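The values are calculated or read from the model by the stated rules, or taken from the named source; none is laboratory data. Given the structure is predicted, the values throughout are model-derived calculations rather than measurements. Because the Cβ atoms are built from the backbone with ideal geometry, glycine has one as well, and the counts that use them run over all protein chains shown.
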Amino acid sequence: MGRRKKVVSSNQHLYSRTPSYTMQDGRTIERGEIIKIHGVWGSKFMFHDHVVRTDSGAEWIDCFELSGGQIGVWRSFRSERIKPMPRKRGKKNVKNG
């Protein structure tokens, strides 16, 4: 029984990956930011890449599911399903009067 031959893909530039994504409201999500996804209840995700397929124009995001603060499963979603986590506000300076 002989060894299998390795399959070499001829379409090496089939996908275009970028480490950030700009949403319709102008907010930019960078690699490593925590996001939520519409329709997925109770889970948080860490954004990794925005991917565009060059031949068809289809686009999606790749991210890691976070469970208990640990990086878990690799998941992909359509980019219009992103719901960014609100940023924390700074503390107010309260003066005792």
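Remarks
- Within region 18-57, the residues that satisfy the criterion of being within 14 Å of M85 (Cα to Cα) and assigned to a strand (DSSP E or B) are T28, I29, E30, I34, I35, K36, I37, K44, F45, M46, F47.
- Against the list (1) surrounded by 14 or more Cβ atoms within 10 Å (Cβ to Cβ); (2) closer than 20 Å to P86 by Cα, the condition W60 fails is (2).
- Condition check for D55: in contact (Cβ under 8 Å) with a residue 24 or more places away in the chain, within 25 Å of L14 (Cβ to Cβ) and surrounded by fewer than 11 Cβ atoms within 10 Å (Cβ to Cβ): yes
- If you filter region 1-17 down to residues that are part of a loop (DSSP other than H, G, I, E, B) and closer than 22 Å to W60 by Cα, you find that the one that is modelled with the lowest pLDDT is N11.
- Summed over region 63-79, the residues that are surrounded by fewer than 13 Cβ atoms within 10 Å (Cβ to Cβ) and under 13 Å from I29 (Cα atoms) give a count of 0.
- Selection from region 16-64 of residues that are aromatic (F, W, Y) and touching a Ser or Thr at 6+ places or on another chain (Cβ under 7 Å): Y21, W60
- Residue satisfying condition, being at pLDDT below 90 and among the basic types (K, R), within set R31, R27: R27
- Contact annotation: residue pairs with Cβ atoms under 6 Å, 6 or more positions apart or on different chains, pairing a residue in region 20-35 that is under 20 Å from L66 (Cβ atoms) with a partner that is aliphatic (A, V, I, L, M) and in a loop (DSSP other than H, G, I, E, B), are I34/M85.
- Residue within region 83-90 that is among the basic types (K, R) and under 13 Å from the mean Cα position of the chain (by Cα) present: yes
- Counted residues, region 67-97 - those being part of a strand (DSSP E or B), among the hydrophobic types (A, V, I, L, M, F, W, C) and more than 22 Å from T22 (Cα to Cα): 2
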